[in-house]
Structure formats: C-alpha cells, structure tokens
1. Hey, what number do you get for the chain at 222 nm if only DSSP H runs of n ≥ 4 count, each worth -39500 (n - 2.57), divided across all residues, to the nearest 500?
2. By average Cβ neighbour count within 10 Å, what is the ranking of 57-63, 34-40, 98-104 from highest down?
3. How would you rank 131-139, 87-95, highest first, on the average number of other Cβ atoms within 10 Å across their residues?
4. Which of these values of log10 I(q)/I(0) by the Debye sum over Cα atoms at q = 0.14 Å⁻¹ was calculated from the structure shown: (i) -0.94; (ii) -0.76; (iii) -0.65?
5. Would you mind telling me which residue in 64, 105, 72 has the biggest mean-square fluctuation in a Gaussian network model of the chain, where springs connect alpha carbons within a distance under 10 angstrom?
6. Evaluate the distance, in nm, between pseudo-label points positioned 7 Å from the Cα of residue 53 and of residue 144 along their respective Cα→Cβ axes.
7. Looking only at 109, 67, 47, which one moves most when the chain is put into a Gaussian network model with springs between Cα atoms under 10 Å?
8. Within 10 Å, count the other beta carbons around each residue, average over each peptide in 113-120, 26-33, and list them highest first.
C-alpha cells in the first residue's frame, strides 16, 4: 500500500492567528487527530518542527560549487514547513480525506505527496545503492526496535 506525506505549511495569517489561540486546545485537537489515525492504522510517523529561526538551509548552486548556508528562516512564510505526518493508505484520495480532517486553522495548508518506493526505480534495479537501501531500511528498523522507538 502506498505511503503519503502530509506536509504542514503556514502563512503569515496562520502565524498571527496562532498567537491568539489556546495552545492546550491545539495540542488536544492534534492529539485526537493523531490518535484517530493511529486507531485507523494509517499513521506511520510524523513530527512537528521547531521554529525555522532555530535551523538553517543549505543551498546548492552550480555543479561543483560549494553549498551555501543560510541561518534561520529561509524565505517567504508560505514556504515554512512546520511538521509532517506519514500515512499508509490505498490512494491519494484517501490521503486527501485524512488531510481534510486535520484540525488546522485558516492560513495553514497540508501538501500531500506520495513517498517513493521500489516500484519507482525498476529501471535502475541493478544500481548498487538501490540494492544497499533495502538492507539499510532493515538495519534502521532494527536499530529503532533496539532503542525502543
């Protein structure tokens, strides 16, 4: 079954409105949303992100040129990526239905993208790194299990 990423984006309107809301109520609403996806067996991961000013952006230019680093916020507010969920559902239409249930307010948006899988790379099946990736996925899963995550 395909996996999709729901990418949470905000605008200036959403950021301004967030200063006026009861944050405990927001946490509760998001918790209930997450719980509903867990109970339905569709949620496979997700997290919120800290303020963009606490991060950096690495930008890539011409081939061979060194990457540049910008500290903090990285562009127009509508580009802010504030969090994500990964879900496993039958179709993009099902992902849209789950996204529509998210308790986000005005000025927020959820971008829905299918996560690629091995079927996207069948023409490159002999690539050594695609072959290694399967082992890496198992290795990471085992590491998470060992760490109790």
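Computed from the coordinates by the stated procedures, all read-outs in this text should not be read as laboratory data. Because the structure is a prediction, the values reported are computed rather than measured. For neighbour counting, all protein chains shown are included, and Cβ atoms are generated from backbone atoms with ideal geometry for every residue, glycine included.
1. The helix-only estimate for the chain comes to -11500 deg cm²/dmol at 222 nm.
2. Top to bottom by mean Cβ count within 10 Å: 98-104, 34-40, 57-63.
3. Ranked by mean Cβ neighbours within 10 Å, highest first: 87-95, 131-139.
4. Evaluating log10 I(q)/I(0) by the Debye sum over Cα atoms at q = 0.14 Å⁻¹ on these atoms matches (i).
5. It is 64.
6. It is 3.3 nm.
7. Of 109, 67, 47, the Gaussian network model singles out 67 as fluctuating most.
8. Most protected by this proxy first, the peptides run 26-33, 113-120.
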